[in-house]
Amino acid sequence: MSFERPYEGLKVVDLSQGLAGPYCAMLLAQQGADVVKVEPAGGDWARLIGGVYGDHTAYSIVANMGKRAISLNLKQPEAKEITDKMIGQADVFIEGYRPGVAERLGYGYERLAEMNPGLLYVSISGYGQSGPMRDRPAMDPMLQAFSGFVDENTGLDGISHHTPVSYFDMATGLFATQSLAGALYARRDHNRGRKIEISLMEGAAAIQAVRLLSGFRGGARKASTAPSGTFKTKDGYIQINIVRDREFATFCDLMDLPELWAEERFHTIAGRLADIDYLNDYVRGITATWDAAALSDRLSKAGLQNEVVQSYRDFVHHPQAKEIGVFSWLEQAGSDDPWPVPNIPGLPDFTVGEVLSQSPTIGQHTRQIMTELGYAAEQIDTLYAQGVVA
């Protein structure tokens with residue numbers, strides 16, 4: 001065991017699909033666990049959304065690096081026997097079915113706990129295991145709408161928007177990993193397992209806690225600083241946030257705006273917020289005459305908070321991101337050029353060519369895993385021929 005790979009020797013069976021459950025399992029793999037991803041012949045449905053590159057999409061790469069993959073037709077009894085053998089040896093089992101589906105398939109907690117009393121069973125659902133919405137399908141955009149996030153995210157067009165960033169899927173995966181870490185620590189003393197239930201709805205609430213509490217008490221989002229927002233420049237956009245009163249004084253002096261500073265009502269944040277629309281419109285007239293980079297440089301040298309609005313490509317290639325190693329450039333099956341995969345904060349950087357830096361193709365390790373489970377080559381060939389494994 002090491003600080004970098006504390007879960008070495010831990011065995012995980014991952015039956016989840018999408019992003020939340022698989023992301024949790026991927027984090028375990030990056031910390032040393034032997035994670036086996038169990039998929040149907042067509043693969044996890046996350047391999048099919050967005051741009052597809054062979055067996056991969058951006059979703060499947062981020063969610064599965066470092067795992068081994070086996071492809072099984074779980075409708076066949078022989079496939080269930082294979083899965084039972086893996087679960088019987090496992091420390092952690094992860095499923096992401098709608099409530100009741102795991103039980104119907106024979107992978108409910110009661111049966112698996114009887115088979116393996118020390119098993120930590122993680123069940124990830126959309127809206128929870130009970131209640132009127134338990135059976136509803138739930139992907140990240142649905143939880144963005146349901147949890148209040150879309151209502152908060154109103155653009156200048158006055159329309160509420162969802163975001164393409166899968167905040168709640170990945171947050172739920174992080175919360176699941178955190179819960180597992182505590183359960184693994186507690187299990188050392190008594191070797192008993194437990195069931196951990198986590199929903200995207202809970203993940204969505206928890207990751208929005210600060211804004212959710214503010215919105216519940218105070219209603220619709222209001223600006224907390226002024227001038228603040230995203231302002232158009234001659235060649236793009238810039239984000240500016242002026243917080244303290246002395247920062248506004250600096251801003252007025254720096255941008256040669258004595259007429260604004262002459263307005264005593266703007267000397268306090270309360271006064272600026274009271275007329276924020278006027279103030280922001282005034283600043284828009286100024287920023288529109290500047291190149292974004294030049295304006296950012298001027299504001300930054302004065303210690304004022306600002307950033308040029310960048311694209312993902314800008315971010316990936318930025319010298320600051322390169323300096324601290326935010327990304328590793330990794331080859332993945334199905335792509336002709338490498339992907340800029342974000343390194344996981346607090347863990348060792350991904351290393352080109354290492355197993356932990358590779359996301360498996362569908363069923364890539366099927367034969368290897370079945371050999372470890374005690375199946376002879378002839379048996380495996382027969383199961384392939386019968387469509388039990390793919």
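The figures follow:
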read-out	value
Residue count, region 182-215 (criterion: exposed (fewer than 15 other Cβ atoms within 10 Å of the Cβ) and aliphatic (A, V, I, L, M))	4
Qualifying residue in region 271-292 (condition: in contact with a Gly (Cβ under 7 Å, 6 or more places away or on another chain) and part of a strand (DSSP E or B))	no
Filtered residues of region 227-259 (kept if more than 24 Å from Q310 (Cα to Cα) and among the β-branched types (V, I, T))	T250
Qualifying residue in region 41-59 (condition: closer than 20 Å to T366 by Cα, under 17 Å from the mean Cα position of the chain (by Cα) and surrounded by fewer than 21 Cβ atoms within 10 Å (Cβ to Cβ))	yes
Criterion violated by I159 - all others in (1) surrounded by fewer than 16 Cβ atoms within 10 Å (Cβ to Cβ); (2) of a type in the set (A, V, I, L, M, F, W, C); (3) closer than 15 Å to A220 by Cβ; (4) at pLDDT 90 or above satisfied	(4)
Matching residues, region 137-152, being open to solvent by less than 60 Å² (accessible area, probe 1.4 Å) and on the phi < 0 side of the Ramachandran plot	A138, D140, P141, L143, Q144, S147, F149, V150, E152
Flag for L356 being assigned to a helix (DSSP H, G or I) and in contact with a Lys or Arg (Cβ under 7 Å, 6 or more places away or on another chain)	no
Failed item, numbered, when T382 is tested on (1) surrounded by 13 or more Cβ atoms within 10 Å (Cβ to Cβ); (2) in contact with a helix residue (DSSP H, G or I) (Cβ under 8 Å, 6 or more places away or on another chain); (3) free of Cβ contacts under 8 Å to residues at least 40 places away in the same chain	(2)
Residue list for region 4-27, filter: open to solvent by 10 Å² or more (accessible area, probe 1.4 Å) and assigned to a loop (DSSP other than H, G, I, E, B)	E4, R5, P6, Y7, E8, G9, L10, Q17, L19
Condition broken by A102, with the remaining ones in (1) surrounded by 22 or more Cβ atoms within 10 Å (Cβ to Cβ); (2) in contact with a strand residue (DSSP E or B) (Cβ under 9 Å, 6 or more places away or on another chain) satisfied	(1)
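The values are calculated or read from the model by the stated rules, or taken from the named source; none is laboratory data. Note that the structure is predicted; figures quoted are calculated from it, not measured. FYI the Cβ positions are ideal-geometry reconstructions off the backbone, even for glycines, and counts take in every protein chain you see. Each accessible area value is taken on the protein alone, full model and side chains, heavy atoms only, with ligands, DNA and RNA left out. Shrake-Rupley method; radii C 1.70, N 1.55, O 1.52, S 1.80 Å.
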